[in-house]
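First comes the structure, then the notes that go with it.
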Amino acid sequence: MKKVAILGSTGSIGTQTIDVIRNNEDLELVAVSAGSNIRMLEEQIREFHPVLAAVWEEEKAKELRLLVADVIPECRIVSGMEGLLELATLEESDILITAIVGMIGIKPTIAAIEAGKDIGLANKETLVTAGHIIMPLAAEKKVSILPVDSEHSAIFQCLNGERDNRIHKLLLTASGGPFRGKTRQELENVTVEMALKHPNWAMGQKITIDSASMVNKGLEVIEAKWLFHVDPSQIEVVVQPQSIIHSMVEFEDGAVIAQLGTPDMRLPIQYALYYPDRVYLNGERLDFSKLTEITFEKPDLNTFLGLQYAYEAIGTGGSMPTVLNAANEFAVSKFLHRNISFLEIYDIIRFCMDEHRLISNPTVEEILETEHWVYETIERRWKTCGIHS
């Protein structure tokens, strides 16, 4: 029986992880967490009887304690960062799925690694901002970092049995999002609703906007550098609109191995939970008799500047990826609240990257201070230079 704890159990990845657990009797859910969606958390507690549940706000935690006290008194309800750290290091768990969104996931992930927990990694910000800390620590503690992202899971699967063979190039595929083929002029008046209409994947709002801007693919480039120990120059992004090929590896001899499948996030989640084994997963299968074509395109770096900025950030290194990530996080939130236009996401990222004074080897504290600096810098700029908020 493998015992699973989830950071962010009410989000898209979290609920799909729970679906995998629900359909496999040899998986047990022992801990769950949410930001504020305590109604869904209550449902998860009632169904799975975990030993621990974490809620960010103490007031919400108090409310949840009252909701479940009558049926599951043995489930402890904790709150805040202390609660997340308790969940991450829970003695009863074997693996932590980091499905929480944002840099809030860094400290719990580090704590889990130090406690010897394997990590099912779905929190991009952890490696984007702190890869130089996370990967050496995981190696030291002999902890597995198992990618849950579909593209990184695909590369991970392609590398099975190939660990001693040299990688020439990683081919990271992208769907192109809802605005594939659009010009900058055509993106000037896009709405939140338009940006949230991803053609292939069902994801949370933040990551869906990141896919539309292709910042998400840029963050994946940075993650791939750390996960697979390659230089950014060895990572090529290829637009594959059908989302059938999830990524590829080209080896030194020119051979290319690809992982294919339907766009179903449960597959990489389940693969991480059972690695190195594969077990049956119900759902749609590829039907090659009906698959008429798989096409490829180059990404438009002049329109979708997020990808270009990500290559620049990881090339600079140090604290610059944190600036990219924090500025994008702030900007996407403002866009979702209809306070800025879609293209202003790029303007905000560019401004922060230009203004930042680089820290070459940031600590966790310096990473979080950089995040705070980004937020303060953007707010000052808006007030003094008229970017509407």
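The values are calculated or read from the model by the stated rules, or taken from the named source; none is laboratory data. Predicted model, so just to flag it, every value in this text is computed and none were measured. Counting neighbours? That spans all protein chains shown, and the Cβs are built from the backbone with ideal geometry, glycine included. Heads up: the accessible areas ignore ligands, DNA and RNA and are worked out on the full protein's heavy atoms, side chains in. Shrake-Rupley method; radii C 1.70, N 1.55, O 1.52, S 1.80 Å.
Here are the numbers for the structure shown:
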item	result
Residue, nearest to Ile110 (Cα to Cα), within region 361-389, restricted to residues that are in a loop (DSSP other than H, G, I, E, B) and modelled with pLDDT of 95 or more	Thr363
Residue count for region 332-378, restricted to those that are hydrophobic (A, V, I, L, M, F, W, C), open to solvent by 30 Å² or more (accessible area, probe 1.4 Å) and within 21 Å of the chain's Cα centre (by Cα)	2
Some residue of region 64-84 being in contact (Cβ under 8 Å) with a residue 40 or more places away in the chain and more than 20 Å from Thr17 (Cα to Cα)	yes
Selection status of Phe330, outside any loop (DSSP other than H, G, I, E, B) and aromatic (Phe, Trp, Tyr)	yes
Hits in region 28-42 - residues which are without any contact (Cβ under 8 Å) to a residue 60 or more places away in the chain, open to solvent by less than 40 Å² (accessible area, probe 1.4 Å) and under 21 Å from Met1 (Cβ atoms)	Leu29, Val32
Residue match in region 5-19 (condition: among the small types (Gly, Ala, Ser), without any contact (Cβ under 8 Å) to a residue 60 or more places away in the chain and either crowded, with 17+ Cβ neighbours inside 10 Å or assigned to a loop (DSSP other than H, G, I, E, B) (or both))	no
Complete set of residues in region 43-78 that are within 25 Å of Ile106 (Cα to Cα), in contact with a strand residue (DSSP E or B) (Cβ under 6 Å, 6 or more places away or on another chain) and open to solvent by 30 Å² or more (accessible area, probe 1.4 Å)	Val51, Glu58, Arg76
Residue list for region 183-207, filter: charged (D, E, K, R), in contact (Cβ under 8 Å) with a residue 40 or more places away in the chain and not in a helix (DSSP H, G or I)	Arg184, Glu188
Residue list for region 59-91, filter: under 30 Å from Thr129 (Cβ atoms), of a type in the set (Asp, Glu) and assigned to a helix (DSSP H, G or I)	Glu59, Glu82, Glu86
